[in-house]
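Written out below as structure tokens is the structure these notes cover.
The values are calculated or read from the model by the stated rules, or taken from the named source; none is laboratory data. Not measured: the values here are computed from a predicted model. Ideal geometry is used to build each Cβ from the backbone, glycine not excepted, and the neighbour counts take in all protein chains shown. We work out accessible area using only protein heavy atoms, side chains counted, and drop any ligands, DNA or RNA first. Shrake-Rupley method; radii C 1.70, N 1.55, O 1.52, S 1.80 Å.
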Amino acid sequence: MADNRIMAEIAAQPACWGRAAAMAARVGDALPGRGERAAVVGCGTSLYMAQAYAALREAAGHGETDAFAASEMPRGRRYDRVLALTRSGTTTEVLDVLGRLGGTVPTTAITADPDTPVSKSAGRVIALEFADEESVVQTRFATTQLALLRAHLGEDLAAAIADAEAAAADPPPAELLEAEQVTFLGRGWTVGIAREAALKMREAAGAWTEAYPAMEYRHGPISITGPGRAVWAFGGLPDGLAGQIAATGGTLRASAADPLAELVRVQRLAVARAEAAGLDPERPRHLTRSVVLDAGT
């Protein structure tokens, strides 16, 4: 059994979201303003939070927003602000992007540790030190930075926090504890959440997972679903898809809870499955807290 550290970090998320929402107005001038053309960069989990935020910001009418893996940030494209998401503040690809921009555009980094190289590379730094975590696998920091960004867009997070409190207390979905394979589906901003859910299960539990936009699922991926396998949908299903999933013999989970709170349930499921497999969900194989590359790598 893993120790209680990662479970404590998962359980702390509702409180962290509340703190982030309360600080959103105070740090708002460092975040993309209404009408600005923005780019958001990150790696791994931070990339998927960037994708979720980009979709939310555009849907809210705040401005065109692109999300990139930091290694794929295009050169020469004009933005009014670049936002970098990095828990460690040391990720090579993120620092490379900020260094390349070199003050030509306003930049902001959201990080858990301001005393890291990102504080010298970004024009502004928003530190969520209260959401930092010891586990290699990200849980509360990732969701807390998205909670901050949602609050900055004007969302009321009270219902999401209440849903997360329930998710942190409930046992993982029993029907998914032994599923051979899980496909996560999203729509709009929850495509990023679905991708993060799949990553969490792979990182912590070594599970076979995939993630797709829900409308793309019928274009091939549905063929993998069947008895003993499952589909977990975030943010609602397209018309008719539930019946098609039922016809495969697979298990469907769809909930009216806030999708970010449903991600908390996935985190708990990943820990439970890791423990059942004799794995350490806090220290997955081949992973470190931050990817720091040697020059030329």
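Here are the numbers for this structure:
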item	result
The chain: most fluctuating residue of GLY44, GLY103, GLY226 per GNM, C-alpha cutoff 10 Å	GLY103
Nearest-ten-degree value, helix 45-59 long axis tilted from longest Cα axis of the chain	80
5 angstrom amide H check on LEU252, placed H, neighbours 5+ away	VAL231
Along principal axes, Cα extents of the range 79-138, largest first, whole Å	35, 19, 18
Probe 1.4 Å, protein heavy atoms only - accessible area per residue of the chain in square angstrom	41
J(HN,Hα) series, the range 261-275, from Karplus relation 6.51 cos²θ - 1.76 cosθ + 1.60, nearest Hz, glycine and proline x	5, 5, 4, 4, 5, 5, 4, 5, 5, 4, 5, 4, 6, 4, 4
Principal axis dimensions, largest first and in whole angstrom, of the range 169-217 by Cα	27, 24, 17
Backbone HN-Hα couplings from phi across the range 97-107 [Karplus 6.51/-1.76/1.60, Hz, Gly and Pro as x]	4, 5, x, 5, 5, x, x, 6, 8, x, 10
Degrees separating the helix 13-27 axis from the principal Cα axis of the chain, which is the longest one	30
Listed residues ASP258, ASP115 arranged by accessible area, highest first, probe 1.4 Å	ASP115, ASP258
Nearest 10 degrees, 0 to 90: helix 190-205 Cα axis against the chain principal axis	70
Spacing of the two label points (7 Å from each Cα toward its C-beta) at ALA246 and GLU129, in nm	5.4
P(r) weight above 20 Å for the range 53-159, C-alpha pairs, percent	41
Scaled radius of gyration (Cα, divided by 2.2 N^0.38 Å) that the range 27-91 gives	1.05
Rg/Rh ratio calculated on Cα atoms of the range 132-246 (Kirkwood radius)	0.98
Candidate residues MET7, MET201: accessible-area rank, largest first, probe 1.4 Å	MET7, MET201
Accessible area (Å², 1.4 Å probe, nearest 10) - VAL266	0
Accessible area of the chain belonging to carbon and sulfur atoms, whole % at 1.4 Å probe	49
The chain, relative contact order in percent, only Cα pairs under 8 angstrom and at least six apart counted	21
Mean separation of Cα contacts under 8 Å (6+ apart) over length of the range 1-75, as relative contact order %	28
